[in-house]
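Inspection log for the structure reproduced underneath, given as structure tokens.
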Amino acid sequence: RRGLLAADSKWVIVHDGARPILKRELAGAVLQAAMETGAATAAVPVVDTIKVVAGGMVQKTLLREQLWAVQTPQAFDRELLWQAHQKAQQEGFLATDDASLIERYGHPVRVVEGDRHNLKITHRQDLAVAEFLLGNSRPRVRTGIGYDIHRTGPGTDLMLGGVRLPAGFSLQGHSDADVLLHAIMDALLGAAGLGDIGEHFPDHDPELRGISSCVLLARTVLLLRSRGWAPLQVDATIMAEHPRIAPHAYAMRTNVAETLGLPLEAVSVKATTNEGLGSIGRGEGLAALALVQIELISD
């Protein structure tokens, strides 16, 4: 009614704000029909069996061949619709759509077959359907893979998963050379489409020399969250001949889970040797492979 007060054209189209997938062709067809009859609405034939229910019990079954689910847009001669609104206000009559007002006062309403994609957003799950139909939805879950390798060098211990391990050697790198956390970081950044570690934490930045990779992992999480993503799951494998990883895997999982804000069961850390093959098998380096999932938390 307020919209009619603001309109000064002969013809008006009424449409639900809750129906975001309106096609121009449907609006045109409804308007054309209204210009011939004075009032028209989009509607689609009912495909389900419709029953009248009261108190949780079926009262009767309606003939669906005669039933149509009414949509918007609806189009009208503005003066005709205005008079119907005026009468309804005087009588205190409430209608669920404008076409009902026209029906009540005896004017015919032409039905134009609507569009089943012309969805009315009513329940939360309708949003996902609408996003799919619009073809611009972001996937709710993404997967990323990350790999890192560091040379061994002089030293007595090394960092893996934020845990210091006695090994008789260390890993060489600009930061603390934690290959496990670096692989996880790379996987997270990749899943979010944010490049790689080198772009965000370059090995020529003096402020990052010797920095804990736990700190870098926490910064990576903040970066993801700023883009609407959050870690969901991590599965990582360390490839090393020495030291033995199994006794420390639980502590590594705990560090990763706490830094990512995940429950412990969402983080897996495994280890394998390279069976003496290649540079890893010869003890020249350690490597890690990580597979992660991230979830969309905001658009």
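The values are calculated or read from the model by the stated rules, or taken from the named source; none is laboratory data. These figures come from a predicted structure and were not determined experimentally. Glycine gets a Cβ as well: all are built from the backbone with ideal geometry, and neighbour counts include every protein chain shown. Areas reflect the complete protein model, heavy atoms only, side chains present, ligands, DNA and RNA absent. Shrake-Rupley method; radii C 1.70, N 1.55, O 1.52, S 1.80 Å.
Among the residues of region 261-289 satisfying the criterion of being aliphatic (A, V, I, L, M) and assigned to a strand (DSSP E or B), which is nearest to the chain's Cα centre (by Cα)? Reasoning before the result, please.
Applying the first criterion (aliphatic (A, V, I, L, M)) to region 261-289 yields 262, 264, 266-267, 269, 271, 277, 280, 286-289.
Subsequent filtering for residues that are assigned to a strand (DSSP E or B) retains 267, 269, 271, 286-289.
Numbers: VAL267: 22, VAL269: 27, ALA271: 33, LEU286: 36, ALA287: 33, ALA288: 29, LEU289: 26 Å.
Out of the qualifying residues, it is VAL267.
Checking the condition within 22 Å of THR143 (Cα to Cα), open to solvent by 40 Å² or more (accessible area, probe 1.4 Å) and at pLDDT 95 or above, which residue from GLY190, GLY198 passes?
The match here is GLY190.
Conditions tested, residue by residue: (1) touching a residue at least 60 places away in the same chain (Cβ under 8 Å); (2) open to solvent by 80 Å² or more (accessible area, probe 1.4 Å); (3) under 13 Å from VAL14 (Cα atoms); (4) not aromatic (Phe, Trp, Tyr).
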{"site": "GLN71", "(1), (2), (3), (4)": "no, no, yes, yes"}
{"site": "GLN74", "(1), (2), (3), (4)": "yes, no, yes, yes"}
{"site": "ALA84", "(1), (2), (3), (4)": "no, no, no, yes"}
{"site": "GLN90", "(1), (2), (3), (4)": "no, yes, no, yes"}
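Quick test for you: out of ASP98, ASP77, pick the one residue that is acidic (Asp, Glu), over 20 Å from ASP16 (Cβ atoms), modelled with pLDDT of 95 or more and in contact with a strand residue (DSSP E or B) (Cβ under 7 Å, 6 or more places away or on another chain).
After ruling out the rest, the residue left standing is ASP77.
Only one residue in ALA99, ALA27 is within 25 Å of PHE132 (Cβ to Cβ), assigned to a helix (DSSP H, G or I) and open to solvent by less than 60 Å² (accessible area, probe 1.4 Å), so which one is that?
Sole residue among the options that is within 25 Å of PHE132 (Cβ to Cβ), assigned to a helix (DSSP H, G or I) and open to solvent by less than 60 Å² (accessible area, probe 1.4 Å): ALA27.
State yes or no: is GLU258 charged (D, E, K, R) and in contact with a Lys or Arg (Cβ under 9 Å, 6 or more places away or on another chain)? Walk me through it before giving the result.
Numbers: charged (D, E, K, R): yes; in contact with a Lys or Arg (Cβ under 9 Å, 6 or more places away or on another chain): no.
Considered against the rule, which asks whether it is charged (D, E, K, R) and in contact with a Lys or Arg (Cβ under 9 Å, 6 or more places away or on another chain), GLU258 comes out as no.
Have a look at VAL58, VAL112, VAL52, VAL47 and point out the one that is farther than 19 Å from GLY3 by Cβ, under 36 Å from the mean Cα position of the chain (by Cα), assigned to a strand (DSSP E or B) and of a type in the set (Val, Ile, Thr).
The unique qualifying residue is VAL112.
Pairs under 6 Å by beta carbon, first residue more than 17 Å from THR259 (Cα to Cα) in region 167-196, partner surrounded by fewer than 23 Cβ atoms within 10 Å (Cβ to Cβ) and of a type in the set (Asp, Glu), six or more apart or different chains?
Here the result reads ALA167/ASP157; HIS174/ASP203, each pair linking region 167-196 to a residue that is surrounded by fewer than 23 Cβ atoms within 10 Å (Cβ to Cβ) and of a type in the set (Asp, Glu).
For region 251-258, indicate whether the set of residues that are exposed (fewer than 13 other Cβ atoms within 10 Å of the Cβ) and either at pLDDT below 95 or at negative phi (or both) is non-empty.
No, every residue in region 251-258 fails to be exposed (fewer than 13 other Cβ atoms within 10 Å of the Cβ) and either at pLDDT below 95 or at negative phi (or both).
Being surrounded by fewer than 14 Cβ atoms within 10 Å (Cβ to Cβ), part of a strand (DSSP E or B) and at pLDDT below 95, is that true of even one residue in region 138-151?
Scanning region 138-151 turns up at least one residue that is surrounded by fewer than 14 Cβ atoms within 10 Å (Cβ to Cβ), part of a strand (DSSP E or B) and at pLDDT below 95.
Give the residue, chosen from ALA266, ALA230, ALA218, that is farther than 15 Å from ALA187 by Cβ and either open to solvent by 60 Å² or more (accessible area, probe 1.4 Å) or aliphatic (A, V, I, L, M) (or both).
When all the criteria are applied, what remains is ALA218.
Looking at this structure, is ALA271 in contact with a Phe, Trp or Tyr (Cβ under 9 Å, 6 or more places away or on another chain) and closer than 15 Å to ILE184 by Cα? Break it down stepwise before answering.
Values: in contact with a Phe, Trp or Tyr (Cβ under 9 Å, 6 or more places away or on another chain): no; closer than 15 Å to ILE184 by Cα: yes.
Criteria not met by ALA271.
For region 259-278, which residues satisfy the criterion of being acidic (Asp, Glu) and either touching a His at 6+ places or on another chain (Cβ under 6 Å) or modelled with pLDDT under 95 (or both)?
Within region 259-278, the subset acidic (Asp, Glu) is 265, 275.
Correct list: GLU275 only.
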